[in-house]
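Take a look at the structure set out below.
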Amino acid sequence: MKKYLFLFIIIFIFTNNSFAFPKYGILVGTNVEKMDYKNFEPKEYHYLPGFIMGMFGEKQITSRLSLNLELAYNYSRNEYVYYSTDEMYVQSTYTKQYLSLPILFKMNLIQKLDLQLGIQSNYNLVGMEYASLFPETEYKAKGNITSQMRKNDNFFCVGLGKQFDIFHNNYRLDLRFLKGINDNSFLPKEDMREPWKLTRIELLFGMEL
């Protein structure tokens with residue numbers, strides 16, 4: 001039910017005349033993220049790039065301030081090595097697929113350079129999916145724990161964006177840092193082992209249509 005409500009809100013915002021966006025377009029990009037555990041530090045952490053594709057709309061509020069709304073599909077990956085029992089170590093890779101809905105205020109600074117502040121809500125579609133390797137025994141394990149994950153994550157977002165023109169077309173390049181607001185965990189809560197927050201960096205390229 002929550003999934004359909006989420007999609008309904010998105011469609012309403014993008015199609016309702018009250019929310020009409022004079023500027024709109026498509027975007028693609030990449031992301032890296034880290035799972036910051038409260039009481040656990042992995043032996044090694046490997047940053048793996050994911051990808052982003054979606055659309056954006058922008059509405060001018062004042063001469064220097066605008067509202068930016070996006071809807072994007074995200075695929076993210078992260079990998080870390082940690083010690084298991086009896087000093088054995090495990091190498092695990094986690095992947096997730098989700099929809100993201102950033103709501104950002106953009107303030108123009110100088111020469112089409114803008115500061116971005118806002119929040120982002122992610123709705124989990126698939127994941128986590130994991131693949132683990134126990135090198136000492138060569139044992140491999142795979143699984144999908146989508147049903148045990150939270151359905152949504154929320155983030156504070158800050159970024160810088162640059163707009164530029166090429167052959168009379170308008171483009172934008174955005175670099176963003178996102179910090180998780182809520183704890184992420186395996187569900188049900190009584191089985192929760194180590195809660196974590198997500199930290200993300202996104203690099204996005206957009207073209208106005």
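Coordinate-derived values only; no laboratory data. What you are looking at is a predicted structure, and each value in this text was computed from that prediction instead of being measured. All Cβ positions, even for glycine, are placed from backbone atoms using ideal geometry, and neighbour counts span all protein chains on display.
Details
- Per-pair calculated FRET efficiency, R0 = 35 Å: LYS142 and LEU209 via Cβ, rounded to 0.05: 0.30
- Computed from label points 7 Å out along Cα-Cβ, the spacing between ASP165 and ILE103 is 3.3 nm.
- FRET efficiency for TYR130 and ASP183, using Cβ-Cβ distance with R0 set to 25 Å, rounded to 0.05: 0.85
- Pairs spanning more than 32 Å between alpha-carbon atoms, out of LYS142/LYS162; LYS106/LYS142; LYS106/LYS151; LYS162/LYS197; LYS112/LYS151: LYS142/LYS162; LYS106/LYS142; LYS112/LYS151.
- For the peptides 58-70, 117-129, residues were scored by their other Cβ atoms within 10 Å and the scores averaged per peptide; the highest-first order is 117-129, 58-70.
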